[in-house]
Amino acid sequence: MGEVKTLGQFIIEKQADFPYAKGELSRLLRDIGIAAKMVNREVNKAGLMDILGQAGSTNIQGESQQKLDIFANEQFIKALTSGGECCIVASEENEEIITINAPVAQNAKYIVAIDPLDGSSNIDVNVAVGSIFSIYRKIDINAPATITDVCQPGTQQVAAGYIVYGSSTMLVYTTGKGVNGFTLDPSIGESCLSHPNMTVPADGQIYSVNEGNYVHFPKGVKQYIKYCQVEDSSTNRPYTSRYIGSMVADLHRNLIKGGIFIYPVTANAPKGKLRLVYECNPMAFIIEQAGGKATDGFNRIMEIEVTELHQRSPIFIGSKNMVEMAERFMRDAGVLSFADAEPLLSAG
Ligand code: AHM
Ligand code: MG
């Protein structure tokens with residue numbers, strides 16, 4: 001049997017990569033790992049407990065909240081409040097930022113943005129869901145943290161990660177030095193390093209997009225989808241379409257197998273659906289660290305100016321070459337029809 005390395009051991013070992021680290025980020029990551037285990041326990045009981053179904057309230061985006069959304073949000077906030085390393089939590093489920101005033105957090109310098117339970121419409125049907133987190137450092141270490149500290153561009157992220165509650169539960173994270181994945185062993189209650197140095201293949205054969213919205217997509221996206229469906233043995237097309245409806249699960253699969261995930265602007269969601277701060281930026285950081293690419297069709301996700309906490313953005317993310325091809329279609333959409341574009345693209 002090979003040597004098993006737990007998430008806790010790995011985090012402490014990696015602290016050495018940051019010569020002046022005092023262990024605060026390590027403790028913060030550990031706290032997030034603990035909250036994730038609590039959420040995992042409840043997600044796994046979802047079919048057994050009276051926890052299924054809607055809680056009857058709506059979140060600030062007007063979407064109905066599931067009971068597990070609320071539970072997951074509470075677990076993360078509780079863990080971050082009592083951990084002492086986090087001064088502000090920003091969550092998909094809370095309209096305003098949550099400032100932590102606990103005495104233990106007096107010197108806290110980290111901001112954590114979370115989507116505590118992403119893809120929650122999939123819970124009732126036993127399909128994978130996830131949690132996403134993004135960590136920033138306070139801009140001015142001596143001043144109280146404000147919303148400005150939360151609205152930093154994605155390039156300023158110190159760490160980011162996700163937990164996918166799937167056929168097994170995995171935590172995948174980066175601190176800007178590659179991407180590592182840990183699988184929860186339920187028999188010992190520990191997440192163990194199972195996917196060291198994860199990289200996303202530069203090319204893939206999977207495209208993930210909600211094609212039901214096709215009619216509402218911009219021309220460039222429509223043309224790219226058609227491109228994915230054209231037969232061409234030299235590029236292994238047609239590609240395979242896979243769409244779970246849980247961004248974390250869709251991206252996790254594409255990270256491992258190679259592929260592109262697109263949530264563009266649509267007629268109904270003119271700014272896109274997914275949120276920049278706690279969905280797009282952390283996923284972009286992870287995918288870039290794994291060698292992939294994340295843009296809004298034109299600009300790098302992590303360089304987009306953040307003007308509000310719940311800002312939305314279109315996203316094209318995954319295998320580098322696939323994202324670049326989709327960007328070409330976006331750029332050329334105004335001038336080229338698909339029929340014109342196809343020979344141009346096959347010519348390279
Ligand atoms: P949520 O945060 O309310 O769960 O919404 C985000 C989810 C993503 O996980 C997923 O990629 C997307 O919404 C699916 O949206 P759609 O049903 O419009 O395809
Ligand atoms: Mg979400």
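By the Kirkwood approach, averaging reciprocal distances over each pair of separate Cα atoms, the chain gets a hydrodynamic radius of 20.7 Å. Contact order for the chain, expressed relative to its length and based on alpha carbon pairs under 8 Å spaced 6+ residues apart, stands at 15 percent. For residue 324 and residue 146, the difference between the fully extended length at 0.36 nm per residue and the C-alpha to C-alpha distance is 60.5 nm.
Quick one: pull the percent of accessible area on the chain belonging to carbon and sulfur, 1.4 Å probe, ligands and nucleic acids left out. Numbers along the way, then the final one.
Working: 7700 of 15320 Å².
Summing carbon and sulfur atoms, their accessible area is 50 percent of the total for the chain.
Distance between the 7 Å Cα→Cβ label points at residue 106 and residue 234: 6.9 nm.
Among the listed pairs 219/271; 177/273; 138/271; 45/67, give every one whose C-alpha distance is greater than 23 Å. Kindly include the intermediate steps, with their values, before the conclusion.
Numbers: 219/271 16 Å; 177/273 29 Å; 138/271 28 Å; 45/67 13 Å.
Over 23 Å Cα-Cα: 177/273; 138/271.
Partners of residue 37 within straight-line reach, counting aspartates and glutamates whose Cα lies under 17 Å from its Cα and excluding those fewer than 8 residues away in the same chain: 69, 74, 115, 118, 185, 190. Across region 206-344, the mean sequence separation of Cα contacts (distance under 8 Å, 6 or more residues apart), normalised by length, yields a relative contact order of 29 percent.
Can you give the FRET efficiency for residue 38 and residue 299, using 1/(1 + (r/R0)^6), R0 = 35 Å, r = Cβ-Cβ distance, to the nearest 0.05? Kindly include the intermediate steps, with their values, before the conclusion.
On the way: r = 37 Å, r/R0 = 1.06.
It comes out at approximately 0.40.
Volume per residue of the convex hull around the Cα atoms, evaluated for region 7-195, comes out as 122 Å³. Largest GNM mean-square fluctuation across 310, 195, 252, computed for the chain with C-alpha springs under 10 Å, falls on 195.
With contacts taken as Cα pairs under 8 Å and at least 6 residues apart, region 252-334 reaches a relative contact order of 39 percent. Each label was represented as a point 7 Å from its Cα along the Cα-to-Cβ direction; for residue 167 and residue 243 these points are 2.3 nm apart. When +1 charges are put on Lys and Arg Cβ atoms and -1 charges on Asp and Glu Cβ atoms, the dipole computed for region 190-256 relative to its Cα centre reaches about 260 debye. Charged side chains reduced to their Cβ positions (Lys and Arg at +1, Asp and Glu at -1) give the chain a dipole of some 380 debye around its Cα centre.
For region 100-165 and region 253-279, write down the distance between their C-alpha centroids in whole Å. Value for the Cα centre distance between the two parts: 19 Å.
How large is the translational diffusion coefficient of region 206-344 in µm² per second when you combine the Kirkwood radius over alpha carbon pairs with Stokes-Einstein at 37 °C and 0.692 mPa s? Mind dumping the intermediate values first?
Working: Rh = 15.0 Å.
Estimated diffusion coefficient is 219 µm²/s.
Among bridges DSSP assigns within region 206-344, what percent are antiparallel (round to 5)? Numbers along the way, then the final one.
On the way: 10 of 14 bridges.
Expressed as a percentage, antiparallel bridges in region 206-344 total about 70.
Looking at region 102-184, which trypsin sites (Lys or Arg not before Pro) are in a loop (DSSP not H, G, I, E or B) and have at most 15 other Cβ atoms within 10 Å? Write out the running numbers ahead of the final one.
Details: sites: 109, 137, 138, 177; in loops: 109, 138, 177.
Qualifying residues, ordered by number: 177.
Taking a ≥ b ≥ c as the square roots of the eigenvalues of the Cα gyration tensor, an a/c ratio of 1.5 or more together with a/b larger than b/c marks region 102-211 as prolate. A Cβ-based charge dipole, computed about the Cα centre of region 206-344 with Lys and Arg at +1 and Asp and Glu at -1, lands at about 240 debye. Descending by average beta-carbon neighbour count within 10 Å, the peptides 92-101, 281-290 line up as 281-290, 92-101, the highest first.
The values are calculated or read from the model by the stated rules, or taken from the named source; none is laboratory data. All of these numbers come straight from a predicted model, not from anything done at the bench. Reconstructed Cβ throughout: ideal geometry from the backbone, glycine too, with neighbour counts over all protein chains shown. Please note that ligands, DNA and RNA were not included when accessible areas were found on the heavy atoms of the full protein model with its side chains. Shrake-Rupley method; radii C 1.70, N 1.55, O 1.52, S 1.80 Å.
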